[in-house]
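Have a look at the structure below, then the notes.
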Amino acid sequence: MSNFAQLKNNRKAQFDKLAQAAETVNSTGRQEDTSYWKPTIDKAGNGSAIIRFLPPSNGEDVPFVRYWDHGFQGPGGWYIEKSLTSIGEQDPVGEINTKLWNSGVEADKEIARKQKRRLHYVSNIYVVSDPGNPLNEGKVFKYEYGKKIFDKINEAMHPQFEDEEAVNPFDFWEGANFRLRIRQVEGYRNYDKSSFDGPSPLKEDDSELEAIWNSQHPVQEILDPKNFKSYNELAKKLQRVLGNVVQQTTAEQESLPEEKAWTPPVSEPKQEKVVQDTNWDDDDDSLEFFKKLANE
C-alpha cells in the first residue's frame, strides 16, 4: 500500500492523535514532551514508583547526561534558561553570581543564591511499577532527576563499607530496581527513603532486553551546543530580566552615584577558565515550580 493510500485509510487515527495533541497544548500552554516520565505526586506531596535505570543507548557511551540551568524572577520577568557552563563555556548569570559571591557581603551572596544554577541529570529508565499511572508500566522513558538521586546511584557503584558489593545500577543483568520514595519535607521534595533493591536481571529473556534497549532515547544530544542559546542571546535576556542594569555588589553601589547601564558584548566572550559556582548550586529539582509560575 502506498504512503498516500495509508494517509487516506488512517485519517481517523490521525485525527484522534491531532485532537489529543491540541488538547495537551490547550491545557498546558505548550505541548509536553511525552518521552519524559514523571512520578505522580498526591496532594500531600508524596509519591512512589519502581524504576530501572538503563544502560547507554545504542551509539552512546554514557547512560546519563548532566546539565545546569537557572530559574529566577527579576523586575523584567522570568529567566529560565540552560546554563552554558553545562558545555564548558562562560555563562552571563554565572559571571554575575561569581562577582556577587566574591564580594564578601552576605547580601550579595543571598542574591547569588536566588540566581543559582540548578543541577539536573537525565537517564533512560524502564518503569517497573507506577501506582499513580499504571499505563506507564513496561515502557521506556527519559527521566530527569537531581543530585540526591544521583548520589544514591553513586553510592551503589561505590559502597562505603567493605562488606557491601558494588552494583552497576545501569546494567540489564546485574543492575537493581530503584524504589523511588518521595515525601514532602519542610516544603521540598525529599528522596531520602528511596533505595535500590538487590541485584537482579531486568528480564530473563535477552530478546526482551534487546527490545527495551532498542526503544531507548538518545540523551547525549541534550548537550549539543545547538540546543543552547548563545552567550549574547542569554546576556540580552538577562539584561531585560534584571531591568536593563548590571547587578552591582554592595560595595560598588556605595562607591557609585548611580547604577551603570549594561550593554551586552557584541563579540564572543574570551575563552577563559569557567568558574564553577558550586557555592550556590542547588541539589533539588524545584525548577518545575518556576516553570509553572512562568506559564501562569
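All of the numbers you see were taken from the coordinates with simple rules; none came from a lab. Source: prediction; values computed, not measured. FYI the Cβ positions are ideal-geometry reconstructions off the backbone, even for glycines, and counts take in every protein chain you see.
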Quiz item: Taking amide hydrogens as modeled 1.01 Å from N in the peptide plane, which residues meet the under 5 Å criterion relative to Ala49, leaving out close sequence neighbours?
Solution: Leu180
Quiz item: Considering only Cα-Cα distances, which of the following residue pairs are longer than 29 Å: Lys82/Lys203; Lys38/Lys152; Lys114/Lys236; Lys152/Lys226?
Solution: Lys82/Lys203; Lys152/Lys226
Quiz item: Rg/Rh for region 88-240: what does it come to with C-alpha atoms and Rh from Kirkwood?
Solution: 1.06
Quiz item: How would you rank Lys38, Lys82, Lys193, going from fewest to most other Cβ atoms within 10 Å of each one's own Cβ?
Solution: Lys193, Lys38, Lys82
Self-check item: Nitroxide proxy distance, nm - points 7 Å out along Cα→Cβ at Asn102 and Lys43
Solution: 5.1
Quiz item: Once fully extended, how much extra length lies between Glu137 and Ile87, figured as 0.36 nm per residue of separation less the alpha-carbon to alpha-carbon distance?
Solution: 14.6 nm
Quiz prompt | Net charge of Cβ neighbours under 13 Å - reference Ala211; Lys, Arg +1; Asp, Glu -1 | solution = -2
Self-check item: Amide proton proximity set for Glu81, modelled H, under 5 Å, gap of 5+
Solution: His70
